[in-house]
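Quick notes on the structure that follows.
The values are calculated or read from the model by the stated rules, or taken from the named source; none is laboratory data. Since the structure is predicted, the reported quantities are computational estimates derived from the model, not experimental observations. Cβ sites come from the backbone with ideal geometry, for glycine too, and all protein chains shown count toward neighbours.
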Amino acid sequence: MILKIALKELKEIVREGRFRITAITLFALLLAALFVSKSYYTSVNAQHSEAKKNARSEWVEQGQKNPHSAAHYGTYAFKPKYPLSLIDNGVDKYTGVSIYLEAHKRNEAQYAAAQDQTALSRFGDLTPDFVLIFIVPLFIILIGFNAFTRERESGTLRLLKSQGVSTWKLTMGKWLGLFLPVLLIAIPVYVLAALFLANIKDYGQFSLWALTLLFGVYLIYYAVFINITLFVSSLFKKSNVAFVTLLGIWMVSCLAMPKISTAIADKLYPYPTQVEFEEQIAVDKKKGLDGHNPWNTEAKKLEEETLKKYGVDSVQQLPFNWDGFLMQEGEKHTADIYFKHYQLLKDTYVNQTNVYRSTAALSPFLPTRFLSMAICRTDYTSHWDFANAAENYRIELVGKMNGDMAANSKYGDWDYLADDKLWSSVPDFQYEPASYTTVIRQNTSNLITLLAWLLLSFAALYGAVTKMKTI
Amino acid sequence: MLNHAIKYEWLNLLRDRWVMILLILFLGITVFAVRNGKEKVEDRMATITKEKEKMVKLDRKMAADIDSLNKNLKPAPEAWKDPRALDNIGWNAPRVVAMDAQPLAVISTGQSDLFTHYAKPKIYGEAYTLGFSELSNPVQLLFGSFDLAFVCIYLLPLLVLGFSYNVLSSEKESGVLRLTLAQPISLYQWLFGKLLLRFFILTSIVVASILFSLTIFDIDWLGNRGAATKLILLVTVYIFFWFLISFLINLLGNSSGSNAVTLIAVWVVFVLLIPSIISQTANSFYPVPSRTIMIHEYREAKALAEKKADEILKTYYREHPEYAPKDTTQQNQYSWWLGNFAASDVINQSVQPVLDDYNEALNKQQSWVNRLRFLSPAILLQDGLNDLAGTSPAHYTDFRDQVIAFADTWRHYFIPRMFNNEKMQAEDFGSLPTHSYSSAQVPSHYPADLMGLLFFLTLTVAGSVWVYRRNSFENVLSV
């Protein structure tokens with residue numbers, strides 16, 4: 001019975017010109033988005049591997065230098081792009097792509113694409129996620145807003161009832177009738193995406209499992225919108241009213257809520273400005289130990305302690321280059337200062353994230369958006385993870401340079417030069433993203449919220465149709 | 001007769017609770033949006049003021065220190081801390097080059113959430129390394145802010161459509177249309193009159209809400225009447241465009257439901273699809289060259305120049321004989337800095353082509369996008385509002401240029417004095433170069449944006465005339 005109703009609904013929807021036009025447009029948009037994203041991804045990836053190679057050769061071939069000067073010269077860490085980013089580019093446009101790694105300083109990732117683009121890019125780009133998360137729900141509303149109101153307006157709902165069809169079966173039929181066309185669009189996109197991704201040369205990071213999970217999340221999201229659409233359609237007498245109401249719901253959850261949540265998050269837990277942040281770090285640096293400044297009290301203390309430890313009375317007599325040692329101690333100290341301030345920043349970001357997680361109760365769009373970015377590794381957490389890995393690499397690199405200087409040169413000997421042997425002994429920066437288990441664990445709350453939306457909207461639909469009047 | 005019909009329409013609307021709900025809803029949304037904008041602008045201005053105050057305080061302290069050092073009231077500090085050394089002033093007491101908010105900055109966040117609004121260029125450092133990015137949660141940038149621009153671009157058309165999608169169809173569906181048309185009245189005049197009335201009501205609500213919100217948040221729109229009028233004009237034309245679209249769709253004579261669906265489709269196309277498609281084509285047709293590749297080229301050019309630093313200084317003196325040390329017996333206390341300046345000049349010259357290539361590619365992409373903005377009224381409105389708010393990309397590029405120019409001024413204040421081995425005096429603080437921000441040289445997009453919107457109006461009117469000619473009267477009347 002349910003299947004019969006579903007097939008009847010499907011036939012009716014497909015026969016309508018409205019459906020055909022929108023479905024074809026939607027499909028064309030998705031294809032275009034997929035192709036454009038793919039070419040963008042390929043070119044960005046090519047740039048990335050070239051830049052990576054360049055950075056390495058610059059570092060290894062920098063010529064003879066004092067190791068500490070080499071640490072100042074530094075190198076770059078480039079953020080890799082992951083295959084699934086061609087489905088959802090997430091916040092990648094707004095986060096920098098490269099981090100300059102140098103002595104004494106932790107730098108922010110630079111060159112966010114959005115800074116080089118026009119204001120137009122703030123409307124959003126035609127990427128698959130734009131169509132999948134924004135437009136598909138609108139499509140569901142468009143084909144489903146009159147599912148019940150139409151029957152009521154033409155009086156067929158009463159006829160159906162008199163035939164003894166249970167309202168729940170009728171609802172399930174209509175539900176499937178909406179879900180099948182969505183599936184019809186989603187499945188080819190899924191298959192195409194899988195083919196694209198499998199054909200990308202270096203798809204080391206791609207797993208079919210993640211793509212499936214991603215589409216699973218989208219399907220749950222669509223189910224929520226189908227529930228809401230049928231729920232609203234069962235409440236109202238007139239199709240027009242149902243349509244306008246549904247449109248309002250779409251607007252609030254997909255357009256307004258993300259912005260309203262942002263305003264709340266920003267008000268409650270504001271980020272420091274770049275300069276404020278740097279100044280707080282500078283204040284700590286001033287108070288603490290500075291590798292370049294041996295007159296500093298703390299450095300003096302360290303000097304006394306070290307001299308006592310080695311039983312000598314001047315730094316010249318130490319078995320290593322005091323300058324190199326002192327700079328490394330200073331480096332450790334600065335790294336601690338950066339760690340402290342970045343931890344504070346991270347707290348703010350976690351607080352902001354929690355605001356979004358609580359407002360997700362008002363909009364099914366929010367948990368879907370966050371899950372989608374997380375699975376595609378284009379969320380803010382992934383960016384943090386990369387930035388932390390780059391910082392660890394920086395500490396290691398600078399430590400190796402200072403260590404070499406301390407071990408192989410004498411105090412005051414700034415003419416000591418190291419060469420390629422030392423440079424190439426530093427391993428290249430390699431970054432492994434967090435495992436999917438970690439990603440899922442970080443997003444449990446989003447997953448729960450989305451599932452709660454699914455269950456509650458089902459319950460609401462059930463409640464509404466069982467009490468539904470036929471007129 | 002027409003007047004009569006419109007009068008009753010007016011009375012009808014007055015009694016409609018929807019008008020009241022609309023008024024309250026829109027007023028609430030506008031107040032919230034302007035509040036968000038106001039908060040951002042206040043933060044921005046507070047930071048700038050704080051920085052400037054800090055600068056003045058530091059100047060005063062340094063001047064006082066110089067004074068007591070000159071009078072031998074204080075022991076001379078180490079050279080790197082001595083406020084009389086010009087390099088210390090140039091490095092440690094930079095000026096604050098700030099981008100003050102325009103009077104109507106609250107209306108549109110534009111690009112203001114991506115960039116900092118002040119910089120402190122020092123005597124040494126390449127323009128390219130000046131950071132302008134603001135620290136922010138990229139999720140916030142992705143979602144965007146709930147500002148007046150968002151309300152006008154996205155929500156306002158939906159309000160218009162909700163207010164007008166069934167002006168003709170509902171009359172037809174309730175059977176009143178036949179009664180009305182039994183009167184000596186032209187269908188089109190009557191329909192147009194009905195829509196015009198709604199347009200006036202909605203526009204009054206919108207304008208009143210905007211002005212009310214600006215007033216309660218202390219934004220001096222009366223003092224900036226020119227900009228405020230431009231804002232109102234732009235928004236009004238945009239509203240009118242959407243009413244005309246609704247008029248056109250109503251003329252087709254379809255049912256209310258079908259009208260609603262068609263109008264939403266038009267909204268999706270103009271507000272969501274066209275902007276995102278253009279943005280995407282800009283990235284595909286005119287890809288911005290990779291910054292990552294640029295970094296590499298820049299570093300290579302720099303490394304090459306640094307290797308030749310000694311030769312460079314000699315050539316530099318040959319090119320600038322006025323700077324060559326006159327008294328070679330005396331050691332210049334700034335010689336290390338002077339060598340650095342010379343080297344950095346050469347580095348800047350040798351990397352300039354890399355930067356120029358990059359900027360040219362950027363300009364190409366931006367001019368492509370600028371031309372295509374005429375394809376959607378939503379983009380035109382966004383562009384016009386950013387222009388009025390002073391938050392358009394052009395404003396930020398211009399500010400960056402101003403900072404780079406000022407960095408040069410700052411350096412060139414010190415260079416000749418350093419070559420002369422001069423010292424900083426307390427009274428010199430008054431003569432340090434200062435910067436005052438002006439956006440006067442940013443070419444305004446506003447006139448073109450307004451013309452573009454008017455062009456869309458004309459197009460819709462032409463479309464309506466065409467539909468009117470093609471459609472038979474019976475077709476409209478048939479239910």
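Quick notes on this one:
- Screening A:224, A:189 for residues that are at pLDDT 90 or above and within 23 Å of residue A:370 (Cβ to Cβ) leaves exactly one candidate, A:224.
- Hey, residue B:153 within 14 Å of chain A (Cβ to nearest Cβ) and among the β-branched types (Val, Ile, Thr) or not: yes
- Within the stretch A:343-364, being hydroxyl-bearing (Ser, Thr, Tyr), within 15 Å of residue A:256 (Cβ to Cβ) and buried (at least 20 other Cβ atoms within 10 Å of the Cβ) holds for A:356, A:363.
- Some residue of the stretch B:135-147 being under 17 Å from residue B:390 (Cα atoms), buried (at least 22 other Cβ atoms within 10 Å of the Cβ), modelled with pLDDT of 90 or more and more than 8 Å from chain A (Cβ to nearest Cβ): yes
- Test: residue in the stretch B:118-132 that is closer than 29 Å to residue B:296 by Cβ and free of Cβ contacts under 8 Å to residues at least 60 places away in the same chain: yes
- Of the residues screened, residue A:126 is one that is of a type in the set (A, V, I, L, M, F, W, C), under 30 Å from residue B:449 (Cα atoms), at the interface with chain B (Cβ under 9 Å from one of its Cβ atoms) and within 20 Å of the chain's Cα centre (by Cα).
- Of all residues in the stretch B:80-116, those satisfying the criterion of being under 20 Å from residue B:401 (Cα atoms), modelled with pLDDT of 90 or more and of a type in the set (Val, Ile, Thr) are B:96, B:97.
- Being surrounded by fewer than 21 Cβ atoms within 10 Å (Cβ to Cβ), within 13 Å of chain A (Cβ to nearest Cβ) and of a type in the set (Phe, Trp, Tyr) is a property that holds for residue B:80.
- Comparison of B:207, B:235, B:268 shows that the only residue that is within 23 Å of residue B:147 (Cα to Cα), within 14 Å of another protein chain (Cβ to nearest Cβ) and in a helix (DSSP H, G or I) is B:268.
- Restricted to the stretch B:65-77, and to residues there that are away from chain A (no Cβ under 14 Å) and either of a type outside the set (D, E, K, R) or surrounded by 19 or more Cβ atoms within 10 Å (Cβ to Cβ) (or both), the residue that is nearest to residue B:434 (Cα to Cα) is B:66.
- Boolean, residue B:99 is at negative phi, surrounded by fewer than 18 Cβ atoms within 10 Å (Cβ to Cβ) and touching a residue at least 12 places away in the same chain (Cβ under 8 Å): no
- Helices (runs of 4 or more DSSP H) wholly inside the stretch A:12-120 that include at least 3 residues being more than 8 Å from chain B (Cβ to nearest Cβ) and surrounded by fewer than 16 Cβ atoms within 10 Å (Cβ to Cβ): A:17-60
- In the stretch A:97-108, the residues that are on the phi > 0 side of the Ramachandran plot form Cβ pairs under 7 Å with partners that are among the β-branched types (Val, Ile, Thr) and modelled with pLDDT under 85, at six or more places apart or across chains, as follows: A:104/A:334.
- Among (1) closer than 30 Å to residue A:375 by Cβ; (2) within 14 Å of chain B (Cβ to nearest Cβ) - the single one residue A:152 does not satisfy: (1)
- Filter pass, residue B:93 being closer than 29 Å to residue B:415 by Cβ and within 14 Å of chain A (Cβ to nearest Cβ): no
- Per the conditions (1) at pLDDT below 80; (2) buried (at least 20 other Cβ atoms within 10 Å of the Cβ); (3) not polar (S, T, N, Q), the sole criterion not satisfied by residue B:184 is (2).
- On the stretch given as the stretch A:239-277, residues that are of a type in the set (Asp, Glu) and either touching a residue at least 12 places away in the same chain (Cβ under 8 Å) or more than 9 Å from every other protein chain (Cβ to nearest Cβ) (or both) total 1.
- Residue in the stretch B:425-440 that is under 25 Å from residue B:96 (Cα atoms) and charged (D, E, K, R) present: yes
- Residue in the stretch A:240-260 that is farthest from residue A:123 (Cα to Cα), counting only those that are at pLDDT 90 or above and not hydrophobic (A, V, I, L, M, F, W, C): A:253
- The condition of being more than 20 Å from residue B:134 (Cα to Cα) and either more than 10 Å from chain B (Cβ to nearest Cβ) or small (Gly, Ala, Ser) (or both) does not hold for residue A:138.
- Scanning the stretch B:360-414 for residues that are away from chain A (no Cβ under 14 Å) and without any contact (Cβ under 8 Å) to a residue 12 or more places away in the chain gives B:401, B:405, B:408, B:412.
- Qualifying residue in the stretch B:167-188 (condition: within 20 Å of residue B:249 (Cα to Cα), in a helix (DSSP H, G or I) and of a type in the set (Lys, Arg)): yes
- Filter result for the condition that a residue is within 26 Å of residue B:279 (Cα to Cα) and without any contact (Cβ under 8 Å) to a residue 24 or more places away in the chain, over A:132, A:159, A:120, A:138: A:120
- For the stretch A:391-439, a residue qualifies if it is within 14 Å of chain B (Cβ to nearest Cβ) and under 30 Å from the mean Cα position of the chain (by Cα), and exactly one does: A:429.
- Taking first residues from the stretch B:268-292 that are touching a residue at least 12 places away in the same chain (Cβ under 8 Å) and within 14 Å of residue A:40 (Cβ to Cβ) and partners that are crowded, with 21+ Cβ neighbours inside 10 Å and of a type outside the set (A, V, I, L, M, F, W, C), the Cβ contacts under 6 Å between residues at least 6 apart in sequence or on separate chains come to B:279/A:121; B:279/A:125.
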